[in-house]
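Participant: Have a look at this one.
The values are calculated or read from the model by the stated rules, or taken from the named source; none is laboratory data. Fair warning: this is a prediction, and the values are worked out from it, not measured in the lab. For neighbour counting, all protein chains shown are included, and Cβ atoms are generated from backbone atoms with ideal geometry for every residue, glycine included. Just the protein is used for accessible areas: all its heavy atoms, side chains included, with ligands, DNA and RNA removed. Shrake-Rupley method; radii C 1.70, N 1.55, O 1.52, S 1.80 Å.
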Amino acid sequence: MEQNEIVERALTIPDQAKSIIIQSNDDYVRAGEILLTIKGLRKEINSFFDPICTKAFEAHKEAVAQKKRADAPLVEAEGIIKPRIAAWNAEQERIRKAEEDRLREEARKQEEERRLEDAILAEQSGNKEEAAAIMDTPVQAPVVVVPKSIPKVAGVSMTKQWKFRITDANKIPRQYLTVDEQKIGAIVRALKDQANIPGVEVFSVDSVSAGRQRAVA
């Protein structure tokens with residue numbers, strides 16, 4: 001059977017299905033016959049297209065495998081160089097922040113010494129209240145910014161990725177928990193109406209299937 005013939009026959013089925021309104025046993029039988037026709041046509045479609053799909057799939061799979069083999073050395077090299085770049089960047093950032101902290105503390109001490117000198121001068125001048133006010137005023141650490149020293153490489157950038165690790169699963173709020181529908185489905189299929197899972201309603205729906213026609217004796 002040619003592809004066009006299969007497609008044309010399949011295109012007639014939806015109209016047949018739409019025309020069926022089951023109001024009698026004869027209508028029911030006719031609907032079942034259409035269902036069997038669908039099953040037969042589907043078998044012909046599978047017989048025609050499955051070899052084509054298999055051939056295309058095998059060709060695609062081989063092409064993907066070849067691409068993966070060609071890319072493998074690059075993946076390996078990327079896996080080596082990226083962590084090294086990230087580690088160097090993290091270390092330089094640590095050094096930069098440490099220098100900022102050192103300079104900030106140094107500036108704070110200088111400001112503290114300056115205020116002490118001002119307080120001493122005020123005290124020596126008889127301005128005890130001014131001296132006390134100077135000493136009581138908190139020393140604000142000045143803002144110190146040490147510029148980054150990492151060179152920029154065109155096309156290469158650093159992005160911060162936020163990740164997490166679970167430290168205590170029992171403390172995780174309910175809205176972050178996911179119901180294991182696969183496990184629930186397995187229990188329901190096994191126990192059917194005997195399944196008893198709190199918060200879960202177990203019910204059944206009828207499913208129509210079409211099998212081979214049996215010869216009537």
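Quick grid of which residues meet (1) β-branched (Val, Ile, Thr); (2) farther than 30 Å from VAL156 by Cβ:
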| site | (1), (2) |
| --- | --- |
| ILE45 | yes, yes |
| HIS60 | no, yes |
| ALA72 | no, no |
| ILE80 | yes, no |
| GLU111 | no, yes |
| ARG114 | no, yes |
| GLU123 | no, yes |
| GLU129 | no, yes |
| ALA132 | no, yes |
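Participant: Test ARG104 against the stated conditions and say whether it is at pLDDT below 85 and among the basic types (Lys, Arg). I'd like the intermediate steps shown before the answer.
Facilitator: Working: at pLDDT below 85: no; among the basic types (Lys, Arg): yes.
No, not satisfied.
Participant: Would you check if there is a residue in region 130-147 being assigned to a helix (DSSP H, G or I) and modelled with pLDDT of 90 or more?
Facilitator: no
Participant: Inside region 58-79, can you point out the residues that are of a type outside the set (Asp, Glu) and open to solvent by less than 80 Å² (accessible area, probe 1.4 Å)?
Facilitator: Selection gives ALA59, ALA63, VAL64, ALA65, ALA70, ALA72, PRO73, ALA77, GLY79.
Participant: Continuing with the same structure: Could you tell me which numbered condition ALA210 fails, if it satisfies all but one of (1) exposed (fewer than 10 other Cβ atoms within 10 Å of the Cβ); (2) in a loop (DSSP other than H, G, I, E, B)?
Facilitator: Going through (1) exposed (fewer than 10 other Cβ atoms within 10 Å of the Cβ); (2) in a loop (DSSP other than H, G, I, E, B) one by one, ALA210 breaks only (1).
Participant: Related question: Could you pull out the residue among LYS43, LYS39, LYS55, LYS109 that is free of Cβ contacts under 8 Å to residues at least 60 places away in the same chain, of a type outside the set (Phe, Trp, Tyr), surrounded by 11 or more Cβ atoms within 10 Å (Cβ to Cβ) and part of a helix (DSSP H, G or I)?
Facilitator: LYS109
Participant: Collect the residues in region 121-139 that are open to solvent by 90 Å² or more (accessible area, probe 1.4 Å) and of a type in the set (S, T, N, Q), keeping them in residue-number order.
Facilitator: Correct list: GLN124 only.
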